[in-house]
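Below is one structure, written out as structure tokens; comments come after it.
Computed from the coordinates by the stated procedures, all read-outs in this text should not be read as laboratory data. From a predicted model like this one, the values you see are computed outputs, not experimental measurements. Every residue, glycine among them, receives a Cβ derived from its backbone with ideal geometry; neighbour counts consider all protein chains shown.
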Amino acid sequence: MKRISLILIGLLYFAQTSLAQEKSNQEHFIQLSGIVVDDDSLRGIPFVSVIVKGTKRGTITDFYGFFSVVAQPGDELQFFSINHKNAVYKLEDTLSLKHYYVIQRLLKDTILLADVDVYPWPSKEEFKRAFLNLDLSETDYDRAAKNLDRSDLSYAERNLKMDAQANYRYAMQQYLTKVYTTGQYPVNNLLNPIAWAQFIDAWRQGKFKKKSNTKK
């Protein structure tokens, strides 16, 4: 009887020890912090969902891609981002410290959407009505003449802004003029006697008179 009691006491002791050790292992939580970066630019990715698989724990990265979450050894961390491929990070079972830091890279993912055709008609009936009432009397010549209308071209010329090449050319001309007159007063053609002589000569020759448009 005494021998049976000792055996029972030993079994209870080992069972309690194993349960306490298992409970200790289960309660071994670690604080896992890190940053999620893009694999190409190595810049932090904001608003990435970080979830501990099989649990209700998780977080979201901040604007700089930083995150911090509570996990246990052996857990799997899942990373979800709209513009990147999903990733999984496996924690080792032998982790013993309370704080760990990781850097997770995510690959960019390209999502191809199906083509969408947008029509100005809300229904097939509207399209049929518009097609039957289509005016085809205007020819290519009429459309070309309309596009070359003098008033429209004049308006476009007045409102057309200089592009980068024209701005560069104008700036270089101003710079060359400034270099040409360095150390002296800028050139003023109103005080140029040669220019005045050319103007008077052209005026005497009648070059400023309006030419008549009468046809013979």
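Note that segment 158-164 has calculated 3J(HN,Hα) couplings of 5, 9, 6, 8, 6, 8, 5 Hz, one per residue in order, obtained from phi through the Karplus relation 6.51 cos²θ - 1.76 cosθ + 1.60 (θ = phi - 60°); glycine and proline are x. Straight-distance candidates among the aspartates and glutamates for linking to Lys161, with alpha-carbon spacing under 19 Å and chain neighbours fewer than 8 residues away dropped: Asp152.
Volume per residue for segment 124-178 equals 157 cubic angstrom (convex hull of Cα atoms).
Dividing the mean sequence gap of close Cα pairs (under 8 Å, 6+ apart) by how many residues segment 28-106 holds gives a relative contact order of 38 percent. Legend: calculated FRET efficiency, Leu176 to Gln205, from the Cβ-Cβ distance at R0 = 35 Å, rounded to 0.05, equals 0.60. The value obtained for segment 28-106, namely the Cα convex hull volume divided by the number of residues, is 80 Å³ per residue.
Counting only aspartates and glutamates at least 8 places from Lys85 when in the same chain, those with an alpha carbon closer than 15 Å to its own are Asp38, Asp39, Asp40, Asp109.
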